[in-house]
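Shown next, in structure tokens, is the structure this report addresses.
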Amino acid sequence: MNLPQTTRLAFLLTCVHLAGFFCLNGQELPPREEIAIPTPAYQRYLDVKKETNSLMEKKDWDGLEALAKKLRESKESLDAGTWLLSIFYKELDKVPLSSMETEAETMNTFKDWVHQRPESVVAKVALAEAYITWAWNARGSDYAHTVSEEGWTLMKERLDLAWKSLESCKEAAATHPEWTAVAQRVALGQSWDRTRYMTMMNSALAREPGYGEYYTQLCYWLLPRWHGESGDFEQWISQRVHQFPEAEQDQAYARMVWFADRMNFPEEIVFAQHRLDWSKTKRGFEQWLKNKPDNLMVRFQFLRLALKADDRNTTREQFDHLGGIYWPGLWKGINQYEAARQYAYHSGPNPFLPKPSAQNDKREKQNITAYPWLKTIILVFGRTVAGLILALCIFLLLWQSARPGLGLVLAALCVGLSSLFGPHGNLPLLAVVLFFWIQARPKSIASDNEASSPEGFTYSPILTLLWVLGLGAVFLLFQIFSTTWLMLPQLLGFPAEASFVLIDIQSQVLVSSEIFWSILLSQILLLLLLLWVCGLRQNLHWIEQLGLLPASFRTLGFCVLLGVGLQFLMALIPESFWDQKSVESSRLISSWLTSSIVLNLSVIIFAPLVEELLFRGFALSSWLKRWPVWVAVLLSSSIFAALHLQYGWTALLSIFSLGLLLALCRLKTGSVLPCIALHLGYNAAHVITQWLLITPYFEAAP
């Protein structure tokens, strides 16, 4: 049988959209071109390290003194502004002399240098640096409660020796900037009070504001794991930039963020409210690159921070400038580099963002043990409230089916199962309840004098509106109590350590897929409550109230193809069109889609079924009876969009437009089944593209 012209046209559009989409996302990226030396400053950095190693191996104290003086006076630096003088001292501290087999022998070498050059500031600062490293070796890198008493004692003794070495040449602090940088490390280990530490740093920065190591060490000292609180180092950077002329403040901010990123704690570089300001950082790097467009190291760092800020557009722009240039120093291997390119060009996941399951570390687990009762309360509270909502639904449906006693029993069982296993433990109960409810309904639909159209529906439009709003509210409340109750400790004012409990629960929920089951159950709950509302009216069968009138397979097939085509057309819209909230929400859901079959089932089957029955079925069937068509269509589309408040305004606008199309589909066909088919095709195309385009790169990312 030949398809009608409109069907052929829809099929053709779908093919064009598919071809365009996969061509756009399947384009070849520039071939990878690995480089070893990005800039002359980096080459000089390697030369200084090599020269320092050679002089230290020979114990050429005069040569080391001369090199340190040259670097101090020239103020040579890396591209970010880190002085090569600080690189010199760091290299001294870690040079593995071939003749040395023990730490004591290493320390004796530095002591011998001081003994032979008693007036040398370089030797005394290097000795202090070595003592600090020796002190931390005694302590170990594990958590404080695991350190032995002997380890603490040795650490204290060696830090005291380091400070003694610095004190012996403290008058040199004004001319030797590394003196203060080493003193910062002593202050970290000795837990100086904030006033003493900041007094020292304010004086040092006033003397030499360009010494990059100061900024890195100060940001590190202000981390919550040491002597600050969350947001402290970010606030200090924001205040520090005001020391610069206004025209230079953005670039100064970007430079200090780069210094902070050298702390080697990537999880601390967070661009968010009350943390680091990405817009200011971005403007600073753009200004920097305007002055030095060929500086690859600045562009590499801009690219790295854009990935941390989850700014796909800026990431793509930097890759466009770089072509296929690959510098191993920026990446954790080729897989991460390729995953970042897929993120930039093909909407892949961001390899610089942590996976939810990797968020717990040992320190978090220690804090969790301090709040075991809080974890239990949160889990039981959220599950119980969700269970109570389901229990109410079960009782209402069985009461309507003339089985109130059974309803009470199953409602109580529902609360118990939900508290113990989560709301998804009630799926068998819900299936039983639905069976009893359908069995209690009339076996035939409306009589001939009650036309199978919206006119046969007798609810007033205002009452219908209240029902729709009420059902939507219950739908959202169920999701809140079954998935987003992780916010409770913050709302109740618990201390910051309690946030680790949330991370632990969130990981547990995600790993167990409980959050995905909760989303699915919220849709099933909405469907059951909608059936209960329909059951309140005895003069019209529930099938007619929901607009479930027959539709041809040809019509349904056409609508599925139309939905698929629309989704691929949406995929061709550049990401720059969408607002940040829409982009972030879409990425989160996309990452979930590739990790949960349950969520796929929810998005492809239950979301189209429930939403169309509510908005294009139940709502329109009443509103078209009493209100003008345009009012009914606009109102149903508006509430439909409002139910997706997790997105930003641009995505809400597109959902509203989809609602208009679905309402027109209902008007044209007289049935809600084509609306379900169109919605199903639209969602299914989205899920398929996520599996095709995201999953391979997700697995490639380290």
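Consider only pairs whose beta carbons are under 9 Å apart and that are at least six residues apart or on different chains; among these, list those whose first residue lies in the range 229-252 and is more than 15 Å from N202 (Cα to Cα) and part of a helix (DSSP H, G or I) and whose second residue is open to solvent by 40 Å² or more (accessible area, probe 1.4 Å) and among the aliphatic types (A, V, I, L, M).
Listed by first residue and then by second, the contacts come to E234/V270.
Name the pairs whose Cβ atoms lie under 6 Å apart, with the first residue in the range 54-68 and over 14 Å from E91 (Cβ atoms) and free of Cβ contacts under 8 Å to residues at least 60 places away in the same chain, the second of a type in the set (V, I, T) and open to solvent by less than 20 Å² (accessible area, probe 1.4 Å), and 6 or more positions between them or separate chains?
E65/V122
With the requirement that a residue be open to solvent by 20 Å² or more (accessible area, probe 1.4 Å) and of a type outside the set (V, I, T), what does the range 629-642 give you? Even if it seems obvious, please write down each step before you answer.
Going through the range 629-642, the residues open to solvent by 20 Å² or more (accessible area, probe 1.4 Å) turn out to be 629-631, 634-635, 638-639, 642.
Correct list: W630, L634, L635, S638, A642.
Select from the range 141-168 the residues that are over 15 Å from Q190 (Cα atoms) and at pLDDT below 85 and write down the one among them that is surrounded by the fewest Cβ atoms within 10 Å (Cβ to Cβ).
H145
Within the range 133-209, considering only helices (runs of 4 or more DSSP H) that don't extend past its boundaries, which have at least 3 residues that are charged (D, E, K, R) and on the phi < 0 side of the Ramachandran plot?
So the answer is 149-167, 194-207.
Mind counting the residues in the range 543-576 that are assigned to a helix (DSSP H, G or I) and modelled with pLDDT of 75 or more?
21
Collect the residues in the range 249-292 that are open to solvent by 60 Å² or more (accessible area, probe 1.4 Å), at pLDDT below 90 and closer than 27 Å to I37 by Cβ, keeping them in residue-number order.
R262, N264, P266
Can you name the helices (runs of 4 or more DSSP H) wholly within the range 596-702 that have at least 3 residues being modelled with pLDDT of 90 or more?
Result: 607-612, 629-642, 649-669, 673-693.
Name every residue in the range 177-226 that is in contact (Cβ under 8 Å) with a residue 40 or more places away in the chain and either open to solvent by 30 Å² or more (accessible area, probe 1.4 Å) or aromatic (F, W, Y) (or both), in order of residue number.
If the condition is that a residue be in contact (Cβ under 8 Å) with a residue 40 or more places away in the chain and either open to solvent by 30 Å² or more (accessible area, probe 1.4 Å) or aromatic (F, W, Y) (or both), then W179, R185, G210, Y211, Y215, Y220, P224, R225 are the ones that fit.
Mind checking which pairs have a first residue in the range 253-280 that is closer than 15 Å to Y220 by Cα and a second that is open to solvent by 30 Å² or more (accessible area, probe 1.4 Å), Cβ under 6 Å, 6 or more apart or different chains?
M263/Y220
The values are calculated or read from the model by the stated rules, or taken from the named source; none is laboratory data. Predicted model only: the values in this text are computed from it and were never measured. Here the Cβ is made from the backbone with ideal geometry for all residues, glycine too, and neighbour counts use every protein chain on show. Keep in mind that these areas ignore ligands, DNA and RNA; they rest on the heavy atoms of the full protein, side chains included. Shrake-Rupley method; radii C 1.70, N 1.55, O 1.52, S 1.80 Å.
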